[in-house]
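Undergrad: Mind looking over this structure? Questions follow.
The values are calculated or read from the model by the stated rules, or taken from the named source; none is laboratory data. None of these values were measured; they are calculated from a predicted model. Glycine gets a Cβ as well: all are built from the backbone with ideal geometry, and neighbour counts include every protein chain shown.
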Amino acid sequence: MKFNFLYIAFFLFVISCKQEVQKSNKKEINIASTEVETVEKGNGLSQEKNKNTIQSFIGKSLDELKQSEEFKHYSFGWGIIDTDDTSNANYSLGSFQGPGDIDKYVVFLKNNNGNKVLDILDLTREKILEDDDKNLYYHFCYKDNKNDQEIIAIAEYEEEEFLTKIIRAWQADRKSEKIIEISVDGITVSNEEYGL
């Protein structure tokens, strides 16, 4: 009888421990989901803050942008867009590159107005640019076989004279003075490295 009582007590003890472990696991799962939600919400807030910070530079000078905390660690390169014969305005496109020479931002500038920032294309979410064979191109883009220096494109590298695998494209529209996403139809990129 004493043996049966010990056996029953041991059995109840094992069951209660198992239930306690299950409760503990549920608490850990709930804590983990809360942490994931907090991280996700935090990233969303961080990305929104980053977007607002980037947009706050529109209308300011290129020098202010380059000297800011947000951009001073990036390298910068740029080139003038062919001037429009009907306008005195002179426009440029430039890009800020991060580690590994990966383009992070494209800046649309109006040069005859103190290099005023008109618009900024944020490429920080374009993970495809981290692939070695995918690059950002401007100044060497063509629309329907005609050079169009307003076009910005992400293309896959090919050993051809023209790159035809265009992934995304934008236009630095001089009329609206905004960068707008456009269709990739009819867009190619001159491969300046072809034959070298």
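Undergrad: Evaluate the following for Ile152: is it at pLDDT 95 or above, surrounded by fewer than 16 Cβ atoms within 10 Å (Cβ to Cβ) and in the same structural domain as Leu118 (by TED's automatic domain parsing)?
TA: Numbers: at pLDDT 95 or above: yes; surrounded by fewer than 16 Cβ atoms within 10 Å (Cβ to Cβ): no; in the same structural domain as Leu118 (by TED's automatic domain parsing): yes.
Considered against the rule, which asks whether it is at pLDDT 95 or above, surrounded by fewer than 16 Cβ atoms within 10 Å (Cβ to Cβ) and in the same structural domain as Leu118 (by TED's automatic domain parsing), Ile152 comes out as no.
Undergrad: Which of the residues that make up region 157-171 are surrounded by 14 or more Cβ atoms within 10 Å (Cβ to Cβ) and at pLDDT below 95?
TA: Of everything in region 157-171, those that are surrounded by 14 or more Cβ atoms within 10 Å (Cβ to Cβ) and at pLDDT below 95 turn out to be Tyr157, Glu158.
Undergrad: While we're here: Which pairs do you get when a residue that is closer than 18 Å to Ser95 by Cβ, found in region 179-195, comes within reach of a residue that is among the acidic types (Asp, Glu), reach meaning Cβ atoms under 7 angstrom, with the pair 6+ apart or on two chains?
TA: Here the result reads Ile179/Asp119; Ile180/Asp173, each pair linking region 179-195 to a residue that is among the acidic types (Asp, Glu).
Undergrad: Restricting attention to region 106-126, which residues are in a strand (DSSP E or B) and of a type in the set (D, E, K, R)?
TA: Lys110, Lys116, Asp119, Asp122
Undergrad: Looking only at residues that are under 22 Å from the mean Cα position of the chain (by Cα), part of a loop (DSSP other than H, G, I, E, B) and not hydroxyl-bearing (Ser, Thr, Tyr) in region 156-184, which one is nearest to Leu129 (Cα to Cα)?
TA: This residue is Lys165.
Undergrad: For region 151-166, state whether one or more residues are touching a residue at least 24 places away in the same chain (Cβ under 8 Å), of a type outside the set (A, V, I, L, M) and closer than 27 Å to Ser61 by Cβ.
TA: No, the conditions are met nowhere in region 151-166.
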